[in-house]
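Trainee: Before anything else, here's the structure in question.
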């Protein structure tokens, strides 16, 4: 598969015109090299891809839409294997489009932060020049991915509603906290880079147009990842202990959130295709196979955090808690050469753990407070209110398209928690949350 390059004719400014002061030019050498690379080799999705070519047509019934069990956790489940071909194809097409929709939404978030940070740099800054190259790349990626999504004919939402609401706010705040911004770049770009690399190792099994758009993305994101790595390597060592601790905690939290958004589909997918709750939970992320995929998707970021000195004995517990700890690759994109796990079903560990936590919270309420029965009763009422809304919503039909943030669901949570806090304090709040999480395991829908 060949993808053409669009060479730009504008020459880069000479180094004599660029700011090389230590205050704003710490990344001058790497930024200048990446500027030259961006100018020498650039892509335009509407020039380098012939969208109307016969070989680039997207057939909704193409068997190559089927999910690969080495990349998609759902494909490793028995339930998916027993679905008819048409259903497997439809699910694969939906997920392929949704992953690209998530990617373009993430890049929109990055643009907010990067453009603000670039505006704080002084005149003549080569870092400013490179960041504008990067923003140009990201805008092209957004155009390219949206065009692909449009041609699949699927109305996919992309990120979950909460992330679509809060993500742009985080991107804006990243413009003021640029180290956190570039931690977000690594945590979002590297897992996707890893997944798309796996896809290209089996490139014959996917539609050609999907390979072309991901080839362009892989080539240009490699530059963005390289800059982010160098940027963090030059700034984090000079940070104080408290700031380094904050950066160390941000790495796994950002990473787990973004992997979940990019690889795990929203619940609209499960409702649309009738995926049973336990199958969905097993695929994301309770079975041994899916947990291995989760850890492998984080491998490149683990390596980056380790090289930055942010993955220490004091912070690795959080990586393990979030399920993203594991081996350190020798280089970026190194495949896992160990024996893959067999297809398994999720056990009852999580279910029993949630029930036990709710029982323990009820016991604490009885022992530690004189109004324990009242706290338990109010928590039961709050849980019943949440369950009633959940059942009503399921009966009326879930959201399956690109819908706005679900305010009624948020309002129910706020109402339940607001009633619980004056009635039972923090113990009561913990009890009602744990009770809802335990009850959710037995609800008929998602």
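Trainee: Taking the condition of being outside any loop (DSSP other than H, G, I, E, B) and crowded, with 20+ Cβ neighbours inside 10 Å, how many residues in region 315-328 meet it?
Mentor: 1
Trainee: In addition: Take residue 259 and decide whether it is in a helix (DSSP H, G or I), in contact (Cβ under 8 Å) with a residue 12 or more places away in the chain and surrounded by fewer than 17 Cβ atoms within 10 Å (Cβ to Cβ).
Mentor: no
Trainee: Here is a follow-up. For residue 223, are the conditions met, namely being within 23 Å of residue 144 (Cα to Cα), part of a helix (DSSP H, G or I) and touching a helix residue (DSSP H, G or I) at 6+ places or on another chain (Cβ under 6 Å)?
Mentor: Yes; evaluated as a whole, the condition is true for this residue.
Trainee: Quick one: in region 284-293, of everything that is part of a helix (DSSP H, G or I) and at pLDDT below 90, which residue is surrounded by the most Cβ atoms within 10 Å (Cβ to Cβ)?
Mentor: Among residues in region 284-293 that are part of a helix (DSSP H, G or I) and at pLDDT below 90, the one surrounded by the most Cβ atoms within 10 Å (Cβ to Cβ) is 293.
Trainee: Of 92, 70, which residue is part of a loop (DSSP other than H, G, I, E, B) and in contact (Cβ under 8 Å) with a residue 24 or more places away in the chain?
Mentor: Going through 92, 70 in turn, the sole match is 70.
Trainee: Is it fair to say residue 252 is crowded, with 20+ Cβ neighbours inside 10 Å and in a helix (DSSP H, G or I)?
Mentor: Here the answer is yes, as residue 252 does meet what is asked.
Trainee: Considering only region 376-427, state which residues are surrounded by fewer than 13 Cβ atoms within 10 Å (Cβ to Cβ), at pLDDT below 80, part of a helix (DSSP H, G or I) and within 28 Å of the chain's Cα centre (by Cα).
Mentor: 407, 408
Trainee: Considering each residue of region 62-114, count those that are closer than 21 Å to residue 293 by Cα and over 22 Å from the mean Cα position of the chain (by Cα), and give that number.
Mentor: Result for region 62-114: 5.
Trainee: Right, another one. Which members of region 297-314 meet the condition of being out of contact with any helix residue (DSSP H, G or I) (no Cβ under 6 Å at 6 or more places or on another chain) and in a helix (DSSP H, G or I)?
Mentor: Answer for region 297-314, where residues must be out of contact with any helix residue (DSSP H, G or I) (no Cβ under 6 Å at 6 or more places or on another chain) and in a helix (DSSP H, G or I): 299, 302, 303, 306, 307.
Trainee: Right, another one. Name the one entry in 4, 42 that is closer than 30 Å to residue 150 by Cβ, assigned by TED's automatic domain parsing to the domain that holds residue 139 and modelled with pLDDT under 85.
Mentor: When all the criteria are applied, what remains is 42.
Trainee: Additional query: Residues in region 239-253: is at least one over 21 Å from the mean Cα position of the chain (by Cα), touching a residue at least 40 places away in the same chain (Cβ under 8 Å) and closer than 27 Å to residue 438 by Cβ?
Mentor: Among the residues of region 239-253, not one is over 21 Å from the mean Cα position of the chain (by Cα), touching a residue at least 40 places away in the same chain (Cβ under 8 Å) and closer than 27 Å to residue 438 by Cβ, which makes the answer no.
The values are calculated or read from the model by the stated rules, or taken from the named source; none is laboratory data. Computed from a prediction, not measured in an experiment: that's the story for all the values here. Neighbour counts are summed over all protein chains in view; Cβ atoms, including those assigned to glycine, are modelled from backbone coordinates with ideal geometry.
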